[in-house]
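Peer 1: Quick one: the structure is below, questions incoming.
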């Protein structure tokens with residue numbers, strides 16, 4: 001199909017080349033594409049009682065609406081090229097019609113799109129970023145006093161307890177806070193947190209943190225000279241950039257007139273902490289109307305909050321202040337240094353956790369220890385990929401795993417590589433750090449897809465297939481129909497397998513469009529039980545002793561499938577081979593999109609597509625690593641530049 005279609009596209013292009021392609025006309029959508037949509041798509045995706053897949057093509061009328069819907073067209077063109085749309089029971093497009101659609105898409109959304117940065121838009125620190133920034137500012141975390149049992153893990157951060165959870169923005173990430181309002185409730189919480197932090201900083205208990213800045217304090221509080229040292233250190237760090245000397249002088253003048261130094265000093269520092277320059281990202285950047293490079297301090301801030309979800313450290317700020325951050329070698333060195341910092345764990349704990357929905361692992365059991373032990377495995381694995389310069393496709397296929405005593409039963413003979421764990425006296429169970437092992441005998445565990453916590457949080461073939469499609473392959477699936485129902489049990493006299501009953505369940509042609517993609521992926525993982533155990537392992541019965549198992553050793557488990565492309569596989573090993581070869585570019589593109597969107601803290605736009613494709617092309621051709629990916633992102637046009645609205649636009 002793809003070969004013949006590409007030939008037809010060429011033929012269509014040549015036949016339309018007279019006097020310039022008709023696709024260059026302003027009304028090409030209305031003239032060429034809208035008639036095809038009316039003929040083949042409006043029945044399911046038009047103004048009816050039900051709009052399948054939440055896609056209503058009748059609402060796309062103007063050129064601006066066409067461009068704004070580029071992700072819908074990207075999804076549609078994939079289905080059209082694969083022959084999945086229109087559905088099998090509907091009238092089908094001819095090869096020429098498909099070619100016209102493909103050529104229109106290519107010219108409108110690939111060939112003619114110019115890369116450019118996004119219009120500048122300041123945003124408020126997310127709760128996670130605010131917590132990290134306050135900790136870096138003061139040198140200690142703001143925590144609440146909690147009496148906890150030894151086997152429980154509770155949130156101690158005062159910031160995370162008081163500030164509301166940030167909703168996911170259009171990007172799907174919580175650092176996309178552009179549309180989060182600053183309510184009076186949140187303002188009051190900021191005020192309380194600032195007061196608490198300052199009260200602690202000037203207390204005897206935290207004196208050592210204050211003295212790291214001021215030097216030894218003799219007496220009940222700092223002298224004026226020490227207060228000046230503190231102000232000159234605190235204010236530029238809070239604003240993440242150099243501060244005008246006049247502003248510092250104004251603060252010092254008010255301190256000099258104070259009857260009591262410390263109370264006035266607290267007020268001045270709180271004023272800084274409550275200012276937009278502290279609470280918002282990028283608001284103090286130097287701005288001239290038009291497209292421009294962001295200044296060095298803004299670049300430092302963007303890089304630090306991407307990699308660390310935290311403010312730039314002293315070295316990064318100093319490099320920015322010296323104007324050296326634009327030197328390619330210096331910038332590369334700084335990014336490499338930052339990836340080696342423990343704070344780079346944020347890429348796994350925040351970015352990858354949101355991207356891969358890893359927190360769902362917390363819900364697999366009421367056991368306070370097991371879910372956390374299972375969650376720590378993919379987090380440590382993703383940190384390994386991000387910080388150890390590992391190839392991108394090692395996400396899918398790896399011979400490295402991170403294992404702790406609470407999950408060692410999933411790893412058979414390979415668990416013997418672990419150093420013996422000695423339980424502390426008086427503690428029955430506890431969360432224990434992972435150890436890195438090589439997978440020599442448990443090949444079924446290589447990569448993210450078959451980690452025990454991942455398969456356990458996605459129970460059943462549908463959830464597993466959907467998770468793989470959306471999180472790994474980057475395909476958005478519509479919500480299923482409200483009346484979809486459950487897979488019916490066998491009727492009296494029937495002896496159908498679950499898979500056979502499932503085939504009947506998805507016989508609706510509308511459902512089959514999605515299930516053709518979901519089911520092969522999901523059923524490939526039928527060798528794993530609901531708790532993450534590998535049913536086909538030699539010691540499965542032994543590890544499941546005294547537990548009722550759904551599948552007995554020796555029963556045939558059908559893990560075969562056929563991809564929409566026509567490629568067939570017999571088991572997950574063969575599917576993995578398809579993923580790292582045929583689907584390699586698709587997976588790399590998804591990784592790039594997710595990483596760039598998180599780094600930019602926003603939804604990707606049409607003008608980001610050339611940047612995405614450029615990075616994908618480089619990484620795919622050069623067998624790129626996660627370090628390569630990160631360097632490409634921080635050096636990309638949308639990361640390095642911005643557009644300031646004004647007369648020059």
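Peer 1: Does residue 326 satisfy the condition of being part of a loop (DSSP other than H, G, I, E, B) and under 28 Å from the mean Cα position of the chain (by Cα)?
Peer 2: Details: part of a loop (DSSP other than H, G, I, E, B): yes; under 28 Å from the mean Cα position of the chain (by Cα): yes.
Yes; evaluated as a whole, the condition is true for this residue.
Peer 1: Restricting attention to the range 621-649, which residues are without any contact (Cβ under 8 Å) to a residue 60 or more places away in the chain and more than 20 Å from the chain's Cα centre (by Cα)?
Peer 2: Within the range 621-649, 621, 622 meet the criteria.
Peer 1: Criterion first (touching a residue at least 24 places away in the same chain (Cβ under 8 Å) and either on the phi > 0 side of the Ramachandran plot or within 39 Å of the chain's Cα centre (by Cα) (or both)) does residue 197 satisfy it? Before the answer, list the steps.
Peer 2: Numbers: touching a residue at least 24 places away in the same chain (Cβ under 8 Å): yes; either on the phi > 0 side of the Ramachandran plot or within 39 Å of the chain's Cα centre (by Cα) (or both): yes.
It is true that residue 197 is touching a residue at least 24 places away in the same chain (Cβ under 8 Å) and either on the phi > 0 side of the Ramachandran plot or within 39 Å of the chain's Cα centre (by Cα) (or both).
Peer 1: Of (1) under 30 Å from residue 241 (Cα atoms); (2) assigned to a helix (DSSP H, G or I); (3) touching a strand residue (DSSP E or B) at 6+ places or on another chain (Cβ under 8 Å), residue 377 satisfies all except one. Which?
Peer 2: Every condition holds for residue 377 apart from (1).
Peer 1: If you scan the range 345-374, which residues turn out to be free of Cβ contacts under 8 Å to residues at least 40 places away in the same chain, assigned to a loop (DSSP other than H, G, I, E, B) and within 19 Å of residue 598 (Cβ to Cβ)?
Peer 2: none
Peer 1: Any residue at all in the range 437-450 that's more than 19 Å from the chain's Cα centre (by Cα), in a loop (DSSP other than H, G, I, E, B) and either outside the structural domain of residue 535 (by TED's automatic domain parsing) or over 22 Å from residue 559 (Cβ atoms) (or both)? Write out each step before concluding.
Peer 2: To start, the set of residues in the range 437-450 that are more than 19 Å from the chain's Cα centre (by Cα) comprises 437-446, 450.
Within this subset, residues satisfying the condition of being in a loop (DSSP other than H, G, I, E, B) are 439-442, 446, 450.
Those left that are additionally either outside the structural domain of residue 535 (by TED's automatic domain parsing) or over 22 Å from residue 559 (Cβ atoms) (or both): 440.
Taking every residue of the range 437-450 in turn, at least one turns out to be more than 19 Å from the chain's Cα centre (by Cα), in a loop (DSSP other than H, G, I, E, B) and either outside the structural domain of residue 535 (by TED's automatic domain parsing) or over 22 Å from residue 559 (Cβ atoms) (or both).
Peer 1: Assess whether residue 209 counts as being modelled with pLDDT of 90 or more and part of a helix (DSSP H, G or I).
Peer 2: Values: modelled with pLDDT of 90 or more: yes; part of a helix (DSSP H, G or I): yes.
Against the criterion (modelled with pLDDT of 90 or more and part of a helix (DSSP H, G or I)), residue 209 qualifies.
Peer 1: In addition: Just checking, how many residues over the range 511-536 are surrounded by fewer than 19 Cβ atoms within 10 Å (Cβ to Cβ) and modelled with pLDDT under 90?
Peer 2: Residues in the range 511-536 being surrounded by fewer than 19 Cβ atoms within 10 Å (Cβ to Cβ) and modelled with pLDDT under 90: 4 in total.
Peer 1: Do you know which residues across the range 557-587 are assigned to a helix (DSSP H, G or I) and either under 22 Å from residue 72 (Cβ atoms) or without any contact (Cβ under 8 Å) to a residue 40 or more places away in the chain (or both)? Working first, answer last.
Peer 2: Step one: list which residues in the range 557-587 are assigned to a helix (DSSP H, G or I), which gives 572-580, 584-587.
If the condition is that a residue be assigned to a helix (DSSP H, G or I) and either under 22 Å from residue 72 (Cβ atoms) or without any contact (Cβ under 8 Å) to a residue 40 or more places away in the chain (or both), then 574, 577, 578, 585, 586, 587 are the ones that fit.
Peer 1: With touching a strand residue (DSSP E or B) at 6+ places or on another chain (Cβ under 7 Å) and over 25 Å from residue 323 (Cβ atoms) as the only criterion, which of 279, 265 stands out? First the steps, then the outcome.
Peer 2: Details: 265 fails: touching a strand residue (DSSP E or B) at 6+ places or on another chain (Cβ under 7 Å).
Going through 279, 265 in turn, the sole match is 279.
Peer 1: Given 238, 227, 253, which one is at pLDDT 95 or above, part of a helix (DSSP H, G or I) and over 27 Å from residue 192 (Cβ atoms)? Give the derivation first.
Peer 2: Numbers: 238 fails: over 27 Å from residue 192 (Cβ atoms); 227 fails: over 27 Å from residue 192 (Cβ atoms).
253 is the lone residue from the list that is at pLDDT 95 or above, part of a helix (DSSP H, G or I) and over 27 Å from residue 192 (Cβ atoms).
Peer 1: Would you check if there is a residue in the range 423-446 being free of Cβ contacts under 8 Å to residues at least 12 places away in the same chain and buried (at least 17 other Cβ atoms within 10 Å of the Cβ)?
Peer 2: no
Peer 1: Within the range 394-414, can you find the residues that are in a helix (DSSP H, G or I) and crowded, with 23+ Cβ neighbours inside 10 Å? Write out each step before concluding.
Peer 2: Applying the first criterion (in a helix (DSSP H, G or I)) to the range 394-414 yields 394-395, 408-414.
395, 410 - these are the residues of the range 394-414 that are in a helix (DSSP H, G or I) and crowded, with 23+ Cβ neighbours inside 10 Å.
Peer 1: So, in the range 276-304, of the ones that are surrounded by 15 or more Cβ atoms within 10 Å (Cβ to Cβ) and assigned to a loop (DSSP other than H, G, I, E, B), which residue ends up farthest from the chain's Cα centre (by Cα)?
Peer 2: Within the range 276-304, the match that is farthest from the chain's Cα centre (by Cα) is 287.
Peer 1: Does residue 600 satisfy the condition of being over 17 Å from the mean Cα position of the chain (by Cα), touching a residue at least 60 places away in the same chain (Cβ under 8 Å) and buried (at least 21 other Cβ atoms within 10 Å of the Cβ)?
Peer 2: Details: over 17 Å from the mean Cα position of the chain (by Cα): no; touching a residue at least 60 places away in the same chain (Cβ under 8 Å): yes; buried (at least 21 other Cβ atoms within 10 Å of the Cβ): yes.
Criteria not met by residue 600.
Conditions tested, residue by residue: (1) loosely packed, with under 15 Cβ neighbours inside 10 Å; (2) at pLDDT 95 or above.
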| position | (1), (2) |
| --- | --- |
| 110 | yes, no |
| 113 | no, no |
| 126 | no, yes |
| 131 | no, yes |
| 134 | no, yes |
| 140 | no, yes |
| 150 | yes, no |
| 170 | yes, no |
| 192 | yes, yes |
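The values are calculated or read from the model by the stated rules, or taken from the named source; none is laboratory data. Computed from a prediction, not measured in an experiment: that's the story for all the values here. All Cβ positions, glycine included, derive from the backbone under ideal geometry; neighbour counts span all protein chains shown.
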